[in-house]
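Structure, as structure tokens:
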Amino acid sequence: MKTSAALDRIQPSATLAMTTRVNELKAQGVDVIGLGAGEPDFDTPEYVQEAAIAAIRGGKTRYTNVDGTNELKEAIAAKFKRDNGLDYAINQISVNVGGKHTLFNALVATVQAGDEVIVPAPYWVSYPDIVQFAGGTPVFIAAGADQNYKITPAQLEAAITPRTKWLILNSPSNPTGAAYSAAELKALGEVIERHPHVWVMADDMYEHIVYDGFEFATIAQVCPSLYERTLTVNGCSKAYSMTGWRIGFAGGAPWLIKAMSKLQSQSTSNPCSIAQAAATAALNGDQSFLEGRNAAFQGRRDLVVSMLNAIDGMTCPVPEGAFYVYPEFSGLIGKTTPKGLVIKTDEDMIGYFLDEARVAAVHGAAFGLSPAMRISYATSEAILTEACTRIQEACAALR
Ligand code: PLP
């Protein structure tokens, strides 16, 4: 049987492929340090675990509303109000099987052949593939280290055409950690205001992971005129260390939420009822644990940034949030490894780091901006020190 045209338009996720490769090497007994995975190393908070156990014992084990229980939607509405000053009624909220599913539903429910979706690069790996799966065309705006991986209003203006349907804005960003200030978002929002046919998908998945007192903002909040045409996407995976539970959600226009629910009703149905009970507890519970986790992440960020910037030919901007750094290394392209291999691309470099330094990162080409790599620092300082030392030694051995 031949696979479908929609399937043939997409690639497997490069980040999940690297995680699989690392697990295979580890199973063979190879001492490899994996810095490829996009998930916190902390456990799901205990109060959330307890809520899930209580949900199982309390019989919350049956089908729920397709796009989420009312309890969870109320907790999400309260979260949007508390954290973002946004009012979303229950019929403006969708709960899905992880943030990826939220984005998938929204794009597949709205994008038609010929539609363009603006994706700032470097981008989270799944955006272009989901757009292409839906039949649309991703339009990239390149934002390099020289502009701190953030697009400018002039770049955005130049990318908009009559076929533009969505702008996807991810702040703090996976893969760079860069986050837009309220003023920067407002300047981008003023461009969108001039183009009433363009909608904004704000992917705020890393909202709670920010450093140095950075104040998170989201576009519907700083540009109230865009509230009607913004889908504000968030989830429990990163802030609450709940990647395996699979709860993502969004607030937006009632017709769009309904369209997403229609698609979900013919695919996954409701997200896991137990995970929904856990997410309700996570959002309604005491949020103070986030501060301690961010302090730990910030120490790791500082360690990794300084060790990578010590490498000749590598430049690593200091990110405002998330748990990734995105060093670029144009200064190392063209060099030769001790085994005589010429490093021509960032994929070659990542292969060299994996084979010789036993460190796994993800090559920049997977995120649309080369030559660079994404390193996830969601692991202990001892492991990060060892990994960065190995990278430093591997780079020093290049001629
Ligand atoms: N958006 C961004 C920017 C992400 O980094 C991720 C996860 O890596 C997601 C969405 C999806 O999150 P989830 O694991 O909840 O599907």
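State the dimensionless ratio Rg/Rh of region 40-117 (Rg: radius of gyration of Cα atoms; Rh: Kirkwood radius). Looking at region 40-117, the ratio lands at 1.05. The overall shape of region 61-284 is prolate: from the C-alpha gyration tensor, with semi-axes ordered a ≥ b ≥ c, the ratio a/c is 1.5 or greater and a/b exceeds b/c. For region 61-284, the Cβ-based charge dipole about the Cα centre amounts to some 600 debye (Lys, Arg positive; Asp, Glu negative; other atoms uncharged).
Against the chain, whose longest principal axis comes from its Cα atoms, helix 289-309 is set at around 30 degrees. Each Lys or Arg adds one and each Asp or Glu subtracts one; over the other residues with Cβ under 11 Å from the Cβ of N284, this totals -1. Solvent-accessible area of the chain (1.4 angstrom probe, protein heavy atoms only): carbon and sulfur portion equals 54 percent.
Here E381 sits with roughly 90 square angstrom of accessible surface, probe radius 1.4 Å.
Straight-distance candidates among the aspartates and glutamates for linking to K73, with alpha-carbon spacing under 16 Å and chain neighbours fewer than 8 residues away dropped: D83, D87. For S288, the accessible surface of its heavy atoms amounts to roughly 70 Å² (probe 1.4 Å, protein chains only, rounded to the nearest 10). Amide H contacts for A360 (H built 1.01 Å from N in the peptide plane; partners 5 or more residues away or on another chain; cut-off under 5 Å): I33, G34, L35. Scalar couplings 3J(HN,Hα) for region 265-282, obtained by applying the Karplus form with A = 6.51, B = -1.76, C = 1.60 to θ = phi - 60°, are 5, 10, 10, 8, 6, 5, x, 3, 4, 6, 5, 5, 5, 5, 5, 4, 5, 4 Hz; x denotes Gly and Pro. Can you classify region 203-246 as rounded, prolate or oblate using the Cα gyration tensor, where a ≥ b ≥ c are the square roots of its eigenvalues, rounded means a/c under 1.5, and otherwise it's prolate if a/b beats b/c and oblate if not? Cα axes put region 203-246 in the oblate bin.
The calculated FRET efficiency for N70 paired with F140, based on their beta-carbon distance and R0 = 25 Å, is about 0.05.
Principal semi-axes of the equivalent ellipsoid, √(5λ) from the alpha carbon gyration tensor of the chain, are 34, 25, 21 Å from largest down. Just list whichever of K2/K262; K165/K238; K81/K165; K79/K100; K79/K150 have alpha carbons separated by over 22 Å in the model shown. In this structure, K2/K262; K165/K238; K81/K165; K79/K150 exceed 22 Å between Cα atoms. Rolling a 1.4 angstrom probe over the protein heavy atoms with all chains in place gives the chain an accessible area of 41 Å² per residue. Among residues other than I375 with Cβ under 11 Å from its Cβ, the summed charge is +3 (Lys and Arg +1, Asp and Glu -1). Computed over region 1-84, the convex hull of the alpha-carbon atoms projects to a mean area of 11.2 nm². GNM remark for the chain: springs join alpha carbons under 10 Å apart, and the peak mean-square fluctuation among V95, V30, V139 falls on V30.
The values are calculated or read from the model by the stated rules, or taken from the named source; none is laboratory data. Quick caveat: nothing in here was measured; it's all calculated off a predicted structure. When we count neighbours, we look across all protein chains shown, and the Cβ atoms used for this are built from the backbone with ideal geometry, even at glycine. To get the accessible areas, we keep the full protein, side chains included, count just its heavy atoms, and leave off ligands, DNA and RNA. Shrake-Rupley method; radii C 1.70, N 1.55, O 1.52, S 1.80 Å.
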